[in-house]
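Here the structure is laid out as C-alpha cells; the discussion comes afterwards.
Since every read-out is calculated from the coordinates, none of them should be taken as a lab result. Since we're looking at a predicted model, the values are computed, not measured. Virtual Cβ from ideal backbone geometry, glycine too; neighbours counted across all protein chains shown.
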Amino acid sequence: MAATNHAVTAELVALGLERREARWLVEEFYLGGEPSARADLLAAASRRLSGEPLQYIIGHWPFRSLDLDVDARVLIPRPETEELVDVALGELDRDVVTPLILDLGCGSGAIGLALVSELRQRGVVATLVAVDESADALTVAKANARKHQVLTASFVQSSWFSTVDASLRGNVDLIVSNPPYVGGDDFELLDPVLRYEPLGALVAPDRHGHTGFDDIATILEQGLEWLRPGGVLVMEHGDQQRDAIVAHAATQGWQNVRDLDDLSGHPRIFVGRRS
Ligand SMILES: C[S@@+](CC[C@H](N)C(=O)[O-])C[C@H]1O[C@@H](n2cnc3c(N)ncnc32)[C@H](O)[C@@H]1O
C-alpha cells in the first residue's frame, strides 16, 4: 500500500530536507500517492540534498501571476525582479495604447512575459521583443510564452542591442533589464547554490573600476537611442552600484533619473528617460 503524503514527507525530513521543501517535493512528485512515483520523489530529494535548487528540480516557479518553466538554462527569477515589474508598469506612459517593450537579457522571459500578461489584463496589447545572448535561455523563454499564450512576443539572440532589428531604433516605449551585475571575485564568495545557475546570467566584467559594471554600462550607453522620446529604461542592479549607475547615466544624457530601493531596503532599480 502507498505511504500517506504525511509519512512520505516525514521520511524526507528524516533524510535531511527542510519540512517546507519536503512538502513541496511531495506535492510535485507524489501527489496521487502512486507507489511508482516513489522512485521519482526519492530521486528529486537526492538532487535537493546534493545542493541543487528546488526550482530546477520541480521545473517551474511562480513569478508574479505566471508559473514559469525554469531549468539550469536560465536564472531562477527573483522576488526583487517582481518589484521591477511593478516599477515598469508604473512608468509606462498610459497614453500609449500599444506599447513596444524590449526585455534585455530575458532569461526565462520573466519580466517581459509578466508585463505583457498584466497589461493584457488591463486591456493593453503590448508587443514584446525579448533578447538574450543565450540560445538556451531563448528556448525556455519561448516555451514560457507559449505556455502563457503570449502571442505578441518575438525572440532575438543578440548581445544587448547588437543584432536587434534596426527598425526598432527610436521606437521603443519601455526597456526592461535585469543584466548580470555580480563581479567575478564577489561570485566566489556568494552562496555555492548559485553555481547551479548559468554563470553568464550572473557575472559581468568590471568596468571603470566598478565591480560587475560592464553590462550595465553598455545598456546605459546604448539604450537611449532605442527609446522613443519620452521612453523609459527600468533596470535592476546590485546594491553597491547605485552611485556608479547614476553618475554614468548623467554622462550619457539620461533624464528624470531615479534610483529605487527594493522592499528589503537595498538600492536596486534604476529608472531613466529619454527626453
Ligand atoms: C540576471 S539574468 C536575468 C534573467 C531574467 N531577465 C530574470 O530577471 O529572471 C541575465 C540574463 O542576461 C543574459 N545575458 C548575459 N549577457 C548578455 C548579453 N551580452 N546580451 C544579451 N543577454 C545577455 C543572460 O543569458 C541571462 O539570461
Worksheet item: How many Å³ per residue does the convex hull of the Cα positions in the range 5-50 occupy?
Response: 56 Å³
Worksheet entry | the chain: angle of helix 135-147 to the longest principal axis, Cα-based, in degrees nearest 10 | 80 degrees
Item to complete: Go ahead and estimate [θ] at 222 nm for the chain from helices alone: -39,500 (n - 2.57) per DSSP H run with n ≥ 4, summed, over the residue count, rounded to 500.
Response: -11500 deg cm²/dmol
Practice prompt. Using a Gaussian network model of the chain whose springs link C-alpha atoms within less than 10 Å, name the residue from Arg242, Arg48, Arg20 with the highest mean-square fluctuation.
Written response: Arg20
Worksheet, complete the sentence: Among the range 150-174, those whose backbone N falls under 20 Å of a label point 7 Å along Cα→Cβ from Ala135 are 154-165
Worksheet item: Hey, with R₀ at 41 Å, roughly what FRET efficiency would Leu31 and Arg207 work out to, going by the Cβ-Cβ distance, to 0.05?
Response: 0.25
Worksheet item: Separation between the Ser65 and Leu263 pseudo-spin-labels, each 7 Å from Cα along Cα→Cβ, expressed in nm?
Response: 1.8 nm
Worksheet, complete the sentence: Connecting every pair of Cα atoms under 10 Å apart in the chain and solving the GNM, the largest mean-square fluctuation among Gly183, Gly212, Gly105 falls on Gly183
Worksheet, complete the sentence: One finds, for Glu18 and Asn171 with R0 = 45 angstrom and r their Cβ-Cβ distance, a FRET efficiency to the nearest 0.05 of 0.40
Practice prompt. Only loop residues by DSSP count here, and only those with at most 12 other Cβ atoms within 10 Å; note down the GluC sites (Glu not before Pro) in the range 1-76 that meet that.
Written response: Glu18
